[in-house]
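The block underneath contains the structure these notes are about, expressed in structure tokens.
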Amino acid sequence: MVDDILRTPGAVRDAERWTAHNYHPLPVVISSAEGAWLTDVDGKRYLDCLAGYSALNFGHRHPQLIAAAHAQLDRLTLTSRAFIHDQFADFCRELAELCGKDLVLPMNTGAEAVETGIKVARKWGYQVKGVPAGQATIVVAEGNFHGRTTTIVSFSTDEDARADFGPYTPGFTVVPYGDLDALAAAIDENTVAVLLEPIQGEQGVVVPPEGYLPGVRQVCTDRNVLFIADEIQSGLGRTGATFACDHEGVVPDMYLLGKALGGGIVPVSAVAANSDVLGVLKPGQHGSTFGGNPLACAVAIEVVRLLATGEFQRRSSELGERLRAGLEGLVGKGLVAVRVRGLWAGLDIDPTLMSGREACERLAARGVLAKDTHGSTIRLAPPLVISEEEIDLAVAALAEVLAA
Ligand SMILES: Cc1ncc(COP(=O)(O)O)c(C=O)c1O
């Protein structure tokens, strides 16, 4: 009976019928959104506590971003990089200034930014550092998540992400995350880069021990190795600063950015670095048909301008403390541990109570959407426009779920 009335069950069935099952979404079918709120096909409202894995840091349909997109749609959407368009220089300059770097190379998805970083680091290694041809290695961390291409999954330590996708790309050395001695020991004369997430998001918002990132910076400087910070999920305001590296005063050689850079409207990613690094690329050696397209640049310029005000970083930092206080109050009441940086939280639920998936299903039933990472860990990453009352609402829903 209910099936006949509600549109959700049929829409879920259709989606399952017609797509490869490379995701396991919650059975919620969204049709519109505004700010921190989503509405499904049956008119039920949900508080968004995932924000498109941080792609929606500024909330759904932020007016300034939507206006920029509309204006650009009416003028020019795509040229390819064969020609220059009038949004390109402003985007690259403003993003470079936000990052404190000389140059920007725009791409589309996060994985493409990571691939770009790997290619640039290898070329830098051969042409600047003098590594023998074909010998370059990059040090990465256990528990990493950098995307889904064949090269990137080659150095994943998650068997689901990696198994049966070989043959794998060589040239990567995996070390435990947060262990500076292990990282230093893994570097040799052929190491061109260390590639790290300053906070491991997919792993469950894992924050490395204090001093680790400055230590990595120092080791990289001492050993003539590039420090590449994958800030695709952690950057652009999520943690209460422009970059997660900022919390420890660390400046990497290369920022990898994505997700929120597209304002939740278009996929936009970028690599930002100084000209001694990005300058190794010459025409014909790298590119993307859609990378840096006019629509992407027009939206991303406004994203950078929103961040340049500092307002979102401040909100994230201040509201993050409220989120932290609420979540820490649940430790021992169904939560085993919480890790919070800005409006980004990893919660370990007592595994004897329920899985992360079950917790997310129960939260959804109470009108809050979140996502499990693995096991009994879930992640909260609400849009940075969320209010104090909405944070309290999310924490109260979680308390109910844990108590039920
Ligand atoms: C840290 C990090 N790097 C890279 C990626 C890949 O980005 P995309 O899915 O846009 O390719 C992600 C996506 O979750 C990420 O969290």
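Along the Cα→Cβ direction, 7 angstrom out, place labels at residue 73 and residue 185. What is the inter-label distance in nm?
5.6 nm
Between 0 and 90 degrees, rounded to the nearest ten: what's the tilt of helix 294-308 against the longest Cα principal axis of the chain?
Around 80 degrees separate the two axes.
Express in whole angstrom the spacing between the alpha-carbon centres of region 335-404 and region 193-245.
Cα centres, region 335-404 to region 193-245: 24 Å.
May I ask for log10 I(q)/I(0) of region 230-282 at q = 0.27 Å⁻¹, from a Debye sum over the Cα atoms as equal point scatterers with solvent left out?
The calculated log intensity ratios at q = 0.27 Å⁻¹ are -1.03.
Tell me the Kirkwood hydrodynamic radius of region 47-206 in angstroms, computed as one over the mean inverse distance between distinct C-alpha pairs. Can you show the working numbers first?
On the way: mean 1/r = 0.0539 Å⁻¹.
Hydrodynamic radius (Kirkwood, Cα only) of region 47-206 equals 18.6 Å.
Using only the Cα atoms, work out Rg/Rh for region 133-178, with Rh taken as the Kirkwood radius, to two decimals. Could the numbers behind the result be given before it?
Numbers: Rg = 10.5 Å, Rh = 10.9 Å.
Reported Rg/Rh (Cα atoms, Kirkwood Rh): 0.96.
Measure off 7 Å from each Cα along the Cα-to-Cβ vector at residue 331 and residue 61, then give the distance between these two points in nanometres to one decimal.
Calculated label separation equals 3.9 nm.
In deg cm²/dmol, rounded to 500, what helix-only [θ] at 222 nm does the chain give when every DSSP H run of at least 4 residues adds -39500 (n - 2.57) and the total is split over its residues? If you can, show how the numbers build up before the last one.
Working: 15 runs with 148 residues, N = 404.
It comes out at -10500 deg cm²/dmol, rounded to the nearest 500.
Could you grab the Rg to Rh ratio for region 311-400? Cα atoms only, Kirkwood for Rh.
Numbers: Rg = 12.2 Å, Rh = 12.9 Å.
Here Rg/Rh amounts to 0.94.
Which of the aspartates and glutamates could a cross-linker bridge to residue 123, judged by Cα under 19 Å and excluding same-chain residues fewer than eight apart?
Within the straight-line cut-off, residue 123 pairs with 102, 112, 115, 188, 189, 230, 253, 276.
Per residue, what accessible area does region 12-151 have, given a 1.4 Å probe and all protein chains present, in Å²?
Numbers: 7170 Å² over 140 residues.
Normalised by residue count, the accessible surface of region 12-151 is 51 Å².
What full-extension length gain, to one decimal in nm, is calculated for residue 174 and residue 322 as 0.36 nm per residue of separation minus the Cα-Cα distance? Before the final figure, lay out each step's value.
Working: separation 148, 0.36 × 148 = 53.28 nm, distance 3.59 nm.
Stretched out fully, the residue 174 to residue 322 stretch lengthens by 49.7 nm.
Would you kindly calculate the translational diffusion coefficient of the chain, applying Stokes-Einstein with the Kirkwood radius from alpha carbon pairs, for 4 °C and a viscosity of 1.567 mPa s, and quote it in µm² s⁻¹ without decimals? Please report the intermediate quantities before stating the final value.
Details: Rh = 22.0 Å.
Result for D is 59 µm²/s.
If I model a spin label as a point 7 Å beyond the Cα along the Cα-Cβ vector, how far apart are those points for residue 392 and residue 20 in nm?
Placing both labels 7 Å along Cα→Cβ, they lie 4.6 nm apart.
Given a cut-off of under 8 Å on Cα pairs at least six residues apart, what relative contact order in percent is computed for the chain? Before the final figure, lay out the partial values.
On the way: 818 pairs, mean separation 90.3, N = 404.
Relative contact order here is 22 percent.
Which of 259/333; 129/371; 44/333; 333/371 have a Cα-Cα distance over 31 Å? Mind showing how you got there, number by number?
Numbers: 259/333 33 Å; 129/371 42 Å; 44/333 29 Å; 333/371 20 Å.
Distance filter (> 31 Å) returns 259/333; 129/371.
What does DSSP give for the chain in terms of the percent of beta bridges that are antiparallel, rounded to the nearest 5?
Values: 29 of 46 bridges.
So the antiparallel bridges in the chain amount to around 65 percent.
If all Cα-Cα distances of region 1-87 are sorted into 5 Å bins from 0 onward, what percent lands in each bin, rounded to whole numbers?
3, 11, 15, 15, 16, 14, 13, 8, 4, 1, 1, 0
Per the Cauchy relation, a quarter of the hull surface: what is the mean projected area of the convex hull of the alpha carbons in region 50-99, in nm²?
With every direction weighted equally, the projected area is 4.7 nm².
Express the relative contact order of region 84-221 as a whole percentage, based on alpha carbon pairs under 8 Å and six or more residues apart in sequence. Don't skip to the answer; put the middle values down first.
On the way: 162 pairs, mean separation 31.7, N = 138.
So the answer I get is 23 percent.
Apply 1/(1 + (r/R0)^6) to the Cβ-Cβ distance of residue 221 and residue 161, taking R0 = 35 Å, and write down the FRET efficiency to the nearest 0.05.
On the way: r = 31 Å, r/R0 = 0.89.
Working from the Cβ atoms, E equals 0.65.
Determine the gain in length on full extension of the stretch residue 80-residue 30; use 0.36 nm per residue of separation and subtract their C-alpha separation, reporting nm with one decimal.
Values: separation 50, 0.36 × 50 = 18.00 nm, distance 3.23 nm.
Separation in residues times 0.36 nm, less the Cα-Cα distance, equals 14.8 nm.
The values are calculated or read from the model by the stated rules, or taken from the named source; none is laboratory data. Bear in mind the structure is a predicted one, so any value in this text is a computation, not a measurement. Here the Cβ is made from the backbone with ideal geometry for all residues, glycine too, and neighbour counts use every protein chain on show. For the accessible areas, the whole protein counts, side chains as well, though only heavy atoms, and no ligand, DNA or RNA atoms are used. Shrake-Rupley method; radii C 1.70, N 1.55, O 1.52, S 1.80 Å.
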